[in-house]
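Structure first, then comments.
The values are calculated or read from the model by the stated rules, or taken from the named source; none is laboratory data. On a predicted model such as this, the values are computed, not experimentally measured, just so you know. Cβ atoms come from the backbone with ideal geometry, glycine included; neighbour counts cover every protein chain shown. Quick note on the areas: whole protein, heavy atoms, side chains included, nothing else; ligands and nucleic acids left out. Shrake-Rupley method; radii C 1.70, N 1.55, O 1.52, S 1.80 Å.
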Amino acid sequence: MKKNPTQTLFNLSNQVAVVTGGAGILCAAICRYLADQEVKVAILDINRQATDWLANDIIRSGGEAIGVPCDVCDRSSLEAAASQVISTWGKVDMLINGVGGNRPSATTRPDLPFFDISAEALEGVFNLNLMGTILASQVFGRLMTAHKKGTILNLSSMNAYRPLTRIPAYSAAKAAVSNFTQWLAVHMALEYSASIRVNAIAPGFFLTDQNHDLLIDRESGELTERGQSIITHTPMKRFGIPEDLLGAVLWLLSPASSFVTGIVVPVDGGFSAYSGV
């Protein structure tokens, strides 16, 4: 029987994916989805308990996964993680740089004006979002160059398009992730192989543990002023859910996007397209 061309285009079976920040809300959904696509998933996260729980849950559901405790800001930790993945499955086909986040100490508020945010707080956010992406790309990208093929997918943000108020370091770091995505795409194609592709997705506003209380009032369950502003400027009039990312992730990781590299895809309900008028 002739194979369905759509199935071939989007086939990821028997590939090995490394997902940093893999135990977070968005990346956990990506890990589960990839496992459903018969991908072997290495879940890297600094939270060892959450990483092990997710890996075991995927295994109980019939998938293949390992939990690997890892600090993406520590090159030696990444190299140890890479050794564990190689010893388990012998290769790395895909890297999803999903780690990221902001810190209260790098967020402006009435009692913490921009001028008083410490260098340490700013550097912490830069390191987690930008350096964590660069270092992981160095360690796992090198493995891809040996086989002259692979796919790197970074998680940027709407903040890369339009910086949000109160979070200067996070906005700047995610803008840098988008820029680095383009740089690395060109570098890999020109210096190593055109079959090593690098792209990014830029999620819009998804409810996570980190931002929930900023967008939803804990006592009333109603939108906060910030949450309402976001919905007002989102044509689809809702926050994203993790499953909204999966189609774009599948496309960018699969042979369906074999001639696509160096792009950042908004998954934002139209937020980036809306001028407010």
* Asked: In the chain, with Lys and Arg counted as +1 and Asp and Glu as -1 at Cβ, which of these residues, I46, T234, L215, has the Cα nearest the positive end of the dipole, that is, farthest along it?
  -> T234
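In percent, how large is the relative contact order of the chain, given Cα pairs closer than 8 Å and 6 or more residues apart? Please list the in-between numbers first.
Numbers: 518 pairs, mean separation 48.3, N = 277.
Result for the chain is 17 percent.
Using a 1.4 Å probe and counting only protein heavy atoms, arrange D52, D36 so the residue with the most accessible area comes first. Mind showing how you got there, number by number?
Numbers: D52 55, D36 115 Å².
Ranked from most to least accessible, the order is D36, D52.
To the nearest 20 Debye, how big is the dipole of the chain about its Cα centre, given +1 on the beta carbon of each Lys and Arg and -1 on that of each Asp and Glu?
Numbers: 21 positive and 24 negative charges, 197 e Å.
Roughly 940 debye for the chain.
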* Structure fact -> Rounded to the nearest 10 Å², the accessible area of W53 using a 1.4 Å probe with every protein chain kept is 140 Å²
* Which value, in Å² rounded to 10, gives the accessible area of F126 with a 1.4 Å probe and all protein chains present? -> 80 Å²
* the chain: calculated mean residue ellipticity at 222 nm from DSSP helix runs of at least 4, using -39500 (n - 2.57) -> -12500 deg cm²/dmol
* Asked: Once you sort the root eigenvalues of the Cα gyration tensor of the stretch 179-277 as a ≥ b ≥ c, which label holds: rounded (a/c under 1.5), prolate (a/b larger than b/c) or oblate (the other case)?
  -> prolate
* To do: Could you please report the charge total around D217, scoring K, R as +1 and D, E as -1 over all other residues with beta-carbon less than 13 angstrom from its beta-carbon?
  => -2
* List R238, R218, ordered by accessible area with a 1.4 Å probe, largest first -> R218, R238
* To do: Find the centroid of the Cα atoms in the stretch 76-137 and in the stretch 233-268, then give the distance between the two in whole Å.
  => 22 Å
* Measure off, as a whole percent, the carbon and sulfur share of the 1.4 Å-probe accessible area of the stretch 23-134, all protein chains present. => 53 percent
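How would D116, D244, D57, D209 rank on accessible area, largest to smallest, probe 1.4 Å? Mind showing how you got there, number by number?
Details: D116 100, D244 55, D57 30, D209 135 Å².
The ordering from most to least exposed comes out as D209, D116, D244, D57.
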* **Nonlocal Lys pairs with alpha-carbon distance under 26 Å, the chain (8 or more apart, or different chains)** => 9
* Report the extension gain between E191 and H212 in nm, rounded to one decimal, defined as 0.36 nm multiplied by the number of residues separating them, less their alpha carbon distance. => 3.3 nm
* Structure fact -> To the nearest 10 degrees, the tilt of helix 25-36 (Cα long axis) against the first principal axis of the alpha carbons of the chain is 20 degrees
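With a/c under 1.5 counting as rounded, go ahead and sort the chain into rounded, prolate or oblate using the C-alpha gyration tensor (a ≥ b ≥ c being the square roots of the eigenvalues; past the cut-off, prolate if a/b is larger than b/c, else oblate). Write down the numbers at each step before the final one.
Details: a/c = 1.57, a/b = 1.43, b/c = 1.10.
It is prolate, given that a/c is not under 1.5 and a/b is the larger ratio.
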* Structure fact -> Note: probe point = Cα of T88 + 7 Å toward Cβ; backbone nitrogen < 18 Å; residues of the stretch 121-156 passing the test are 136-137, 139-141, 143-144
* **C-alpha long axis of helix 168-191 to longest principal axis of the chain, angle in °** => 20 degrees
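So, for the chain, what is the accessible surface per residue at a probe of 1.4 Å, expressed in square angstrom? Don't skip to the end; give the middle numbers.
Numbers: 13750 Å² over 277 residues.
Result: 50 Å² per residue.
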* Dipole moment magnitude, nearest 20 debye, the stretch 197-277 about Cα centre, only Lys, Arg, Asp, Glu C-beta charged -> 400 debye
* Structure fact -> For the chain, longest principal axis from Cα atoms; helix 132-147 axis from its Cα atoms; angle between them, nearest 10 degrees, is 10 degrees
